[in-house]
Amino acid sequence: MDFPKFQELVTNRAGFAQMENPTATGEYFSDSCGDMYTFYLKIDAQDRITDISYFTTGCGFGVATAAIVTELAKGKTVDEADRMGSDEIEAYLGGYPERKKDYPSRVLEALRAAIANYRSAAKPTSAAESFAKLN
């Protein structure tokens, strides 16, 4: 694990903020440790994540992991962000201690909840689009 990078992520808390008027939000509550993770997404007309922030009640590993996800997801399409895996997050930090290996999957659950909420809220804007979705 790259400890100096971890310390920088925890100290700077990049992306740690609630967002005004997000396109979508998603939460995940970890019943194993009591941490809550919330992601806020701004998504453009091409389904690209133009801005992303998070809030967490988690410890340093939760903060660092959520900060990594904000860096990795920003600029990706919704589909690309949805395909992100724990291995990308672990690689960014040079691995996780064995007892903390579940943090990437926890944080990705919150991101995926935001993406699912975005997808379920996306509505066609014309009759032609509505008809096209039927076929």
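Among the residues of region 1-27, how many are free of Cβ contacts under 8 Å to residues at least 12 places away in the same chain and either of a type in the set (Val, Ile, Thr) or touching a helix residue (DSSP H, G or I) at 6+ places or on another chain (Cβ under 8 Å) (or both)?
Going through region 1-27 one residue at a time, the tally reaches 1.
Could you say which residue among Arg48, Arg112 is surrounded by 14 or more Cβ atoms within 10 Å (Cβ to Cβ), of a type in the set (Lys, Arg) and closer than 16 Å to Glu27 by Cβ?
That would be Arg112, the only listed residue that is surrounded by 14 or more Cβ atoms within 10 Å (Cβ to Cβ), of a type in the set (Lys, Arg) and closer than 16 Å to Glu27 by Cβ.
Is it true that some residue in region 71-83 is in contact (Cβ under 8 Å) with a residue 40 or more places away in the chain and either farther than 29 Å from Ala121 by Cβ or surrounded by 18 or more Cβ atoms within 10 Å (Cβ to Cβ) (or both)?
Yes, some residue in region 71-83 is in contact (Cβ under 8 Å) with a residue 40 or more places away in the chain and either farther than 29 Å from Ala121 by Cβ or surrounded by 18 or more Cβ atoms within 10 Å (Cβ to Cβ) (or both).
Laboratory data are not the source of any read-out in this text; all were calculated from the coordinates shown. For clarity, every value in this text was computed on a predicted model and none was experimentally measured. All Cβ positions, glycine included, derive from the backbone under ideal geometry; neighbour counts span all protein chains shown.
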